[in-house]
Every structure is written in C-alpha cells, then in structure tokens.
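Here is the structure we will look at.
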Amino acid sequence: MTNSQPEIVSYSDSGTKEVSKTSSAESVKLEMGENAEIDASLERRTMRFIDWRILPLLALLYSFALIDRVNLGAAYTAGMGADLGLAKGARYSIATCLYFVPYILLQLPGNLVLRKFGVRNWLTFSIAAWGAVQLAMGFVPTWGYLTAARILLGALEASFFPAMVFIISTWYKRHEVQKR
C-alpha cells in the first residue's frame, strides 16, 4: 500500500481543471504568507476588545433581567403584598406566573423581529421599555395593574436572551463561545 495524499481538484475562472497534491490548509498558509501573523494578531486584539467591551455589558444587562424576574418576591416581603392585597386568594401566584406566559411564547417571534429591525435597534427598544415598565411597577395601585405590568415585562424581556445569544454567536467562533 502506498501512502499518497488525495488529489484536490479546483477550477479556475477560465474553466480549466487544476489538480493539486497539497492540502487546503497548506495552500491557505502558502497564500497568506507573512500576513498570517498580522491577521492572527489583529484577531487576538479584536477578540480582546470584544471580551472587555461587549461581554461585561451583556453580563450586566442579563443581571438586570434576572433581578427584574425575581424582584416581585422581595417587593412582596417589603410590604407590596399588603398594599395591593396580594394575600387574597392566588393573586400573588397569578401575578408571578403570568410573567412567564409571554416570555415563553414570544421568544421565537422576538428573535424574528430581532433579525428584521436589527440587534442594536431592537435591543435598545426592548431594554428601555422593560426599564420603564419595571419603574412603573413601583407605582401600580392595584394587583390587576401589577399583573398587566408583569405580562408586559415578560413580553419585553422575551427577546433579550435570544438577542444575547445572537450577539455572542456572531462575534465568536463555535469553539470560542464555551470559553466566554
């Protein structure tokens, strides 16, 4: 048995067939030459810049989203439950659970809207709107308004996690995402 490399066939614009004995990785290295080191350096600097600029911002925004999701329990303990009559029946459970209905149902449509309007525009609108709704939750007079605010908050936060995954997957290669 002979240990031969497979032939690599490529076609040029003129339609002629060229057969090469080198692998595609070797041919890329030959084509890049000196620029390979420069490109690798530029890629490392760009990834470092993204690591220090985008990831901390996304982590901070995700922390705010998590706080928004779970802060109703703290507000209930601090006296909101007594002020709004959340102890009657299942009002507290209704206000808590109805957040997740639009959150789950609108994740896929939110991802589609994200592609239509662009990440920057949709994420800016979504975060500003959910901040306004979260602020308004502090001034609700009845548990019905609280429930409506929670539903709206779930609808606005639904597309945030898919947007975050989209941003990370566009900046990093598949094997780099797990490191971040």
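Based on the Kirkwood approach, the hydrodynamic radius assigned to segment 70-121 is 13.2 Å, with every pair of different Cα atoms included.
At a threshold of 8 angstrom on Cα-Cα distance, excluding pairs fewer than six apart, so keeping six or more, what relative contact order does segment 79-170 reach in percent?
It comes to 45 percent, rounded to a whole number.
Taking 0.36 nm per residue of sequence separation and removing the Cα-Cα distance, the F161/V177 pair yields an extension gain of 4.3 nm.
At the listed q of 0.23, 0.26, 0.28 Å⁻¹, the Debye profile of segment 116-176, built from one uniform point per Cα, gives log10 I(q)/I(0) equal to -0.89, -1.02, -1.10. With coordinates expressed along the principal axes, the C-alpha atoms belonging to segment 94-149 extend over 37, 21, 10 Å, beginning with the largest.
The heavy atoms of T124 present about 90 square angstrom of accessible area, all protein chains included, probe 1.4 Å. Rg/Rh for segment 31-111 (Cα atoms only, Rh after Kirkwood) is 1.35. Estimated at the nearest 10 Å², the accessible area of M164 is 20 Å² with a 1.4 Å probe.
If the chain linking R120 and F49 were pulled fully straight, counting 0.36 nm for each residue of separation and taking away their Cα-Cα distance, it would gain 23.7 nm. Within the full protein context, the accessible area of Y76 is estimated at about 80 Å² for a probe radius of 1.4 Å. Projected onto their three principal axes, the Cα atoms of segment 57-148 cover extents of 43, 25, 20 Å, largest first.
The values are calculated or read from the model by the stated rules, or taken from the named source; none is laboratory data. Quick caveat, the model's predicted, so the values are computed rather than measured. Remember, those area values only see protein heavy atoms, side chains included, never the ligands or the DNA or RNA. Shrake-Rupley method; radii C 1.70, N 1.55, O 1.52, S 1.80 Å.
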